[in-house]
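The values are calculated or read from the model by the stated rules, or taken from the named source; none is laboratory data. It should be emphasised that the depicted structure is a prediction, and the values quoted were computed from it without experimental measurement. Glycine gets a Cβ as well: all are built from the backbone with ideal geometry, and neighbour counts include every protein chain shown.
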Amino acid sequence: MKSNILINMVSAHAEGEVGNVIVGGVAPPPGESLWEMREFLETDKKLRNLLLNEPRGGVFKHINLIVPAKNPLANFGFLIMEPVHTPPMSGSNAICVATVLLETGMIEIQEPLTTFNLETPAGLIEVKATCFNGEARKIEIKNIESFADKLDVPLKIDDSKTLLVDTAFGGDSFVIVDAASCGLKLDPKFGKKIVDFGRKIIIAANEQIGFNHPSQDWNHISFCQFTNPVKKSGNTLKGLSAVVIEPGKIDRSPCGTGCSARMAVMAAKGKMKKGDKFVGKSIIGGTFECKIEEIYLQNKKQVIIPKISGRGYITGTHQIMRDPSDPWPFGYRVADTWPNRKFFKMSK
């Protein structure tokens, strides 16, 4: 057995969404900040292709790389690699990373509560882990500033249908639309229909509405979030959603950045206030318990600080290898499982 690489990885999921974590065998990318390191991974693509492309990866996987933090307040930093994008932040991936750091001993567990900070390309996030019997039973993430961008904007689809949509940022950028207005039922058996419609909306929203983050170089809409109406009891709202991720899959978790974006929209519309809670439910029944911790104005725009809580689960450990004679050293994609409007053939 020959290999010119040896990457140590812990596989994990958060409420169903895969977020594997590299814990050894990969040097930190160059960059003075985590944002610059993110940009290197985005443009260089070698590590992304190696781990996300077949035969080692797949469209359903996300990969997280643990790196030394640049911020002295953070214990570790991490970079997120999704099938298409290298995002600033991800709630489910943050939960996976926190779980792996705790349950592998990279951060010592203190029962009943372990607190620490993680650095993402989007900024510093605070982690509170409820721990028992050597396990992380619940991970709470204090997310970055989230905000609604455009509210109730008309979006034309296929020259025949016009939808009213919202756009928002919750650590990543979203177009948010009522599922019923699209004729969709949020059920796993309709996954292909949800994905196909979601991809159309993402393309149309980028062409007709767009998104420009006021301080970060993040100038596109990444995801489409289909929502069902919320139900309210006291100061707690509950709602089902399905987030479509490029190039064509549904987030198995309730999506932490999606819940943050949705809460920012509800706050902007007067449906949530500081201290209110939101329980986000996914298409497979997983839940994130969320809360608006703060609301304030920044540069004349209302922003919220969300908290997201969920559980991560370790599913295995792996050593990634590559035979020097492998004719596909960085893998390959085939359009049967890798739908992409910018699909291209991988070179050998």
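Checking VAL67, VAL84, VAL21, VAL59 one by one, the residue that is touching a residue at least 60 places away in the same chain (Cβ under 8 Å) and either in contact with a helix residue (DSSP H, G or I) (Cβ under 7 Å, 6 or more places away or on another chain) or assigned by TED's automatic domain parsing to the domain that holds GLY256 (or both) is VAL21 and no other.
Scan region 47-70 and give yes if some residue there is under 30 Å from GLY285 (Cα atoms), among the basic types (Lys, Arg) and more than 19 Å from the chain's Cα centre (by Cα), otherwise no. There is at least one residue in region 47-70 that is under 30 Å from GLY285 (Cα atoms), among the basic types (Lys, Arg) and more than 19 Å from the chain's Cα centre (by Cα).
Among the residues of region 100-119, some residue qualifies, meaning at least one is hydroxyl-bearing (Ser, Thr, Tyr) and not in a strand (DSSP E or B). Only a single criterion out of (1) at pLDDT below 95; (2) surrounded by 17 or more Cβ atoms within 10 Å (Cβ to Cβ) is not satisfied by ASN4, namely (2).
Scanning region 32-62 for residues that are aliphatic (A, V, I, L, M) and not in a helix (DSSP H, G or I) gives a single hit, VAL59. Residues of region 104-134 that are within 23 Å of the chain's Cα centre (by Cα) and among the acidic types (Asp, Glu): GLU119, GLU126.
Checking each residue in region 8-25 for being of a type in the set (Val, Ile, Thr) and out of contact with any strand residue (DSSP E or B) (no Cβ under 6 Å at 6 or more places or on another chain) picks out only VAL18. When GLY77, GLY134 are checked against the criterion of being without any contact (Cβ under 8 Å) to a residue 60 or more places away in the chain and crowded, with 16+ Cβ neighbours inside 10 Å, a single residue qualifies: GLY77. Within region 137-189, the set of residues being of a type in the set (Val, Ile, Thr) and closer than 30 Å to LEU101 by Cβ comprises ILE139, ILE141, ILE144.
Within region 213-227, the presence of a residue that is within 27 Å of CYS96 (Cβ to Cβ) and in a helix (DSSP H, G or I) is excluded. Just one of (1) within 20 Å of THR317 (Cβ to Cβ); (2) not in a strand (DSSP E or B) fails for PRO29. It is (1). In summary, ASP152 fulfils each of the numbered conditions (1) part of a strand (DSSP E or B); (2) buried (at least 17 other Cβ atoms within 10 Å of the Cβ) with the single exception of condition (2). Among the residues here, LYS189 qualifies as surrounded by fewer than 19 Cβ atoms within 10 Å (Cβ to Cβ) and not assigned by TED's automatic domain parsing to the domain that holds LYS138.
The set of residues in region 170-212 being among the charged types (D, E, K, R), in contact (Cβ under 8 Å) with a residue 24 or more places away in the chain and not in a helix (DSSP H, G or I) consists of ASP172, ASP178, ASP187. Scanning region 285-344 for residues that are among the small types (Gly, Ala, Ser), within 18 Å of the chain's Cα centre (by Cα) and either in the same structural domain as ILE22 (by TED's automatic domain parsing) or part of a strand (DSSP E or B) (or both) gives SER309, GLY310, GLY312. Within region 12-26, track down each residue that is part of a strand (DSSP E or B), within 16 Å of the chain's Cα centre (by Cα) and not acidic (Asp, Glu). Answer for region 12-26, where residues must be part of a strand (DSSP E or B), within 16 Å of the chain's Cα centre (by Cα) and not acidic (Asp, Glu): ALA12, HIS13, ALA14, VAL18, ASN20, VAL21. Kindly indicate whether ILE22 is modelled with pLDDT of 95 or more, in contact with a Phe, Trp or Tyr (Cβ under 6 Å, 6 or more places away or on another chain) and under 19 Å from GLY316 (Cα atoms). Against the criterion (modelled with pLDDT of 95 or more, in contact with a Phe, Trp or Tyr (Cβ under 6 Å, 6 or more places away or on another chain) and under 19 Å from GLY316 (Cα atoms)), ILE22 does not qualify.
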